[in-house]
Ligand code: GLN
């Protein structure tokens, strides 16, 4: 016989095996939480318990596998940058968005002002604070918070998402660096909306309360080319999905995106609330929650769990 019919490499053979592998990914992540610390520059985030950890993985075959603290609500933080960019692409188009923000990784911290002041007037990409704030300035002219909240609920397939008032107020009180960014953008004449309204919307979107399951849903919708797999409804255009996932891969973990690409290789976005959202084309949406962060501000446990899962199931897009 010339050809044999084999399972694609890296695919698990049965649901029991998937459960075992994701259980091991959970253990790897949970063990890793000990190496991190919770964010404290937003005082409300310092109240999180760094030992908490959870992973929720959902695939397009309809399986959901969850371990640990997957129902616990926490603030989405920078993962909202994906929502903001998706909304901008949907309502303003590719050109209308990328006329105002670039598509390049920075190699700098998420809240850096360095390159914005010295290298380029336009922010480098929408996955860092400067770029997300710029995107929000565009949105601030055409959409209000309630509409963005509806958009987030639909994207995450989670009607329970609410504004975490305590986190929002904590951010608004201490967010001077983000105010510096918005006013720097204004001083350069590139900001597209009112600075105070823009940064307020940015803080609100960072303060949405999600859980690991909502993040898995977000990843799953992207893995499914922008279509909600449960209703069949298209939420995001296919070409926008490609843009979102490309920027997640190159910029989604800030100045750790390169190493993450090598060791995990799953388009993902992190947030300082402890979440990571990952999306494996035509296969998985993955959400992790582990508020103990590494020195780059990414969830220590989340990275370890995603790395384990990626390697065990052959999910690295370059594998
Ligand atoms: N709200 C946070 C900030 O602007 C988001 C940062 C993050 O999650 N990396 O600093």
- Message: When you check residue 184 against the structure, is it within 16 Å of the ligand (Cβ to nearest atom), within 17 Å of residue 208 (Cα to Cα) and at pLDDT 95 or above, yes or no?
- Response: no
- Name the residue, out of 97, 90, that is surrounded by 22 or more Cβ atoms within 10 Å (Cβ to Cβ), away from the ligand (no atom under 15 Å from the Cβ) and either more than 16 Å from the chain's Cα centre (by Cα) or touching a residue at least 12 places away in the same chain (Cβ under 8 Å) (or both). 97
- Message: Can you tell me how many residues within segment 118-131 are within 12 Å of the ligand (Cβ to nearest atom) and within 14 Å of residue 98 (Cβ to Cβ)?
- Response: 2
- Only one of (1) at pLDDT 95 or above; (2) within 16 Å of the ligand (Cβ to nearest atom) does not apply to residue 29, and that is (2)
- Item | Of all residues in segment 163-188 being touching a residue at least 24 places away in the same chain (Cβ under 8 Å) and within 22 Å of residue 119 (Cβ to Cβ), the one that is farthest from the chain's Cα centre (by Cα) | 188
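Picking from 221, 313, 247, which residue would you name as being within 15 Å of the chain's Cα centre (by Cα), farther than 17 Å from residue 78 by Cα and buried (at least 21 other Cβ atoms within 10 Å of the Cβ)?
Checking each option against the conditions leaves just 221.
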- Task: Could you tell me whether residue 108 is closer than 26 Å to residue 274 by Cβ and modelled with pLDDT under 95?
- Result: yes
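The values are calculated or read from the model by the stated rules, or taken from the named source; none is laboratory data. This structure is a prediction, so every number in the text was calculated from the model and none was measured. Neighbour counts are summed over all protein chains in view; Cβ atoms, including those assigned to glycine, are modelled from backbone coordinates with ideal geometry.
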